[in-house]
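Working notes, structure below.
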Amino acid sequence: MNLAIRENVSLAEFTTIKIGGKARFFCSARTEDEVCEAVQFAELNSLKIFILGGGSNILIADEGFDGLVLQIALKGISTFAKKDGTIFITAGAGEDWDEFVAFCVEKKFAGVECLSGIPGLVGGTPVQNVGAYGQEVSETIVSVRCFDRKAKKFVELLNNQCGFAYRTSIFNTTQKNRFIVLSVIFKLQQNGNPKILYRDLQNYFKDKKPSLQETRQGVIAIRSAKSMVIDERDENSKSVGSFFKNPIVSLAKFNEIKNEAKNLKVIEATERVPNYQVDDQNVKIPAAWLIEKSGFYKGFQFGRVGLSTNHTLAIVNLGNGTAQDVLDLKVLIQTKVKEKFAIELQPEPVFVTTNLIYTYDFSR
Ligand SMILES: Cc1cc2nc3c(=O)[nH]c(=O)nc-3n(C[C@H](O)[C@H](O)[C@H](O)COP(=O)(O)OP(=O)(O)OC[C@H]3O[C@@H](n4cnc5c(N)ncnc54)[C@H](O)[C@@H]3O)c2cc1C
């Protein structure tokens, strides 16, 4: 076996929130063969596997993970251009996502520019269908190459087989922990126009028509102001980004919430409840607004953790915070929001404990 497997490796340093206990076993796979070796090692030793990307969307338990943490480090980017300007670009799952976006923007390939500044690796993006500023990876993903742990073979899943929706795919719902993402093929447009649909971006550029590069810079500037870009000097970025998803509710439920909030004087009679139309029937309400209206504020402190001083949606590690501290604050926020608005906020990050990562039963 070529693969180096280490024991008792501290996981906190592999996460952006800098929290988490130790992995009993840890290895980093740079090739597809190494991924197979790691899976075999786990099976031979009856170990559970946790697949680690850039650690930007996970909260690892203080007790750590009593199994094998398999870090995906498969690199490589290749492009195939068609005469009509369509670009098919394949990226290894271990490529840094933002470096990949920078590469695409530099080459004037449109389609991922609004996803600038998001931490993590390419392989993590299909898992929660990463999205920001009006763009989602599902808009450009053609297919995802995976190792299927159930069938024990390599598979190529087409876009329509991935079950993409808001912050969702089969990888984090029905088929959780079944597929190990190895590479992703994107379809981009050479010299295409940037997507300036989101209000924040429209306000930023006003009447100007930005280039792809300007759009990337604008997105990073807006994100930096909210500490939504990882910066070692910015304590607020010791987080997992947005801790809660923006709830999507029916129009009827939205009106109910609005009226109830006015009756309870949670909001003024004339106050507008911010919302974005998802389709004819549903609207999305910003979770940050619900949190603020429930008594929380930027810079709210809760022992060793708190809310970012730049964004109420981010729970930050203020120093020696633990996973339990984060979970306690999560419950407090969910409880208060539920009391005021009868909405249960759903967390965005994945909670990693030895017993909780599996929803899929692998017969070994
Ligand atoms: C400051 C900050 C800002 C953020 N902003 C955004 C944002 O704007 N929009 C957004 O959507 N997200 C955002 N995020 C969340 C996060 O960056 C993304 O979800 C990212 O794609 C996670 O990738 P990762 O490689 O870090 O995955 P990890 O955090 O390592 O893992 C997340 C999940 O994906 C699984 N996984 C990772 N790689 C693979 C693989 N190769 N195969 C199979 N499963 C895998 C893991 O097992 C885990 O379940 C933000 C996070 C931070 C810290």
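Scanning segment 148-161 turns up one or more residues that are among the β-branched types (Val, Ile, Thr), farther than 30 Å from LEU332 by Cβ and not in a helix (DSSP H, G or I).
For segment 197-232, residues that are part of a loop (DSSP other than H, G, I, E, B) and of a type outside the set (Gly, Ala, Ser) total 13.
Note on segment 103-122: residues that are out of contact with any strand residue (DSSP E or B) (no Cβ under 7 Å at 6 or more places or on another chain) and within 6 Å of the ligand (Cβ to nearest atom) amount to 2. Being polar (S, T, N, Q), within 29 Å of the chain's Cα centre (by Cα) and surrounded by 19 or more Cβ atoms within 10 Å (Cβ to Cβ) is the requirement here; does SER242 meet it? Taking the combined requirement at face value, the residue satisfies it.
Selection of segment 306-323 for residues being within 26 Å of GLY67 (Cβ to Cβ) and either modelled with pLDDT under 95 or within 15 Å of the ligand (Cβ to nearest atom) (or both) yields ILE315, ASN317, ASN320, GLY321, ALA323. So is THR125 within 19 Å of CYS162 (Cβ to Cβ), touching a Phe, Trp or Tyr at 6+ places or on another chain (Cβ under 9 Å) and more than 13 Å from the ligand (Cβ to nearest atom) or not? Spelling it out, it is not the case that THR125 is within 19 Å of CYS162 (Cβ to Cβ), touching a Phe, Trp or Tyr at 6+ places or on another chain (Cβ under 9 Å) and more than 13 Å from the ligand (Cβ to nearest atom). Among the residues in segment 188-203, are any open to solvent by 70 Å² or more (accessible area, probe 1.4 Å), over 30 Å from ILE60 (Cβ atoms), within 12 Å of the ligand (Cβ to nearest atom) and in contact (Cβ under 8 Å) with a residue 24 or more places away in the chain? Yes, segment 188-203 contains at least one residue that is open to solvent by 70 Å² or more (accessible area, probe 1.4 Å), over 30 Å from ILE60 (Cβ atoms), within 12 Å of the ligand (Cβ to nearest atom) and in contact (Cβ under 8 Å) with a residue 24 or more places away in the chain. Just for segment 268-293: of the residues that are surrounded by fewer than 16 Cβ atoms within 10 Å (Cβ to Cβ) and β-branched (Val, Ile, Thr), which one is farthest from MET228 (Cα to Cα)? Among those that are surrounded by fewer than 16 Cβ atoms within 10 Å (Cβ to Cβ) and β-branched (Val, Ile, Thr), it is THR270. For PHE254, the test of being within 16 Å of the ligand (Cβ to nearest atom), among the aromatic types (Phe, Trp, Tyr), open to solvent by less than 30 Å² (accessible area, probe 1.4 Å) and farther than 28 Å from GLY321 by Cβ is failed. Within segment 73-97, the set of residues being within 14 Å of the ligand (Cβ to nearest atom), aliphatic (A, V, I, L, M) and open to solvent by 10 Å² or more (accessible area, probe 1.4 Å) comprises ALA73, LEU74.
Condition check for VAL155 on (1) within 13 Å of the ligand (Cβ to nearest atom); (2) in contact with a helix residue (DSSP H, G or I) (Cβ under 6 Å, 6 or more places away or on another chain): one failure, at (2).
Set side by side, the residues SER28, SER56 differ, and just one is within 23 Å of the chain's Cα centre (by Cα), part of a strand (DSSP E or B) and within 14 Å of the ligand (Cβ to nearest atom), which is SER28. Tallying residues that are part of a loop (DSSP other than H, G, I, E, B) and of a type in the set (S, T, N, Q) within segment 261-295 yields 4.
Condition (residue is outside any strand (DSSP E or B), free of Cβ contacts under 8 Å to residues at least 24 places away in the same chain and surrounded by fewer than 21 Cβ atoms within 10 Å (Cβ to Cβ)) applied to segment 125-143: is it met by at least one residue? Within segment 125-143 (the criterion being outside any strand (DSSP E or B), free of Cβ contacts under 8 Å to residues at least 24 places away in the same chain and surrounded by fewer than 21 Cβ atoms within 10 Å (Cβ to Cβ)), the answer is no, since none of the residues qualifies.
Among the residues of segment 302-315, those identified as farther than 19 Å from LYS245 by Cβ and touching a strand residue (DSSP E or B) at 6+ places or on another chain (Cβ under 8 Å) are ARG304, VAL305, GLY306.
Taking LEU264, is it open to solvent by 80 Å² or more (accessible area, probe 1.4 Å) and within 28 Å of ALA102 (Cβ to Cβ)?
On the way: open to solvent by 80 Å² or more (accessible area, probe 1.4 Å): yes; within 28 Å of ALA102 (Cβ to Cβ): no.
No; evaluated as a whole, the condition is false for this residue.
Mind listing just one residue for me: the one in segment 204-226 that is modelled with pLDDT of 95 or more and small (Gly, Ala, Ser) and, of those, least open to solvent (accessible area, probe 1.4 Å)? Once the filter is applied, the top-ranked residue is GLY218.
The values are calculated or read from the model by the stated rules, or taken from the named source; none is laboratory data. Computed from a prediction, not measured in an experiment: that's the story for all the values here. Positions of Cβ are backbone-derived with ideal geometry, glycine not excepted, and every protein chain shown enters the neighbour counts. Quick note on the areas: whole protein, heavy atoms, side chains included, nothing else; ligands and nucleic acids left out. Shrake-Rupley method; radii C 1.70, N 1.55, O 1.52, S 1.80 Å.
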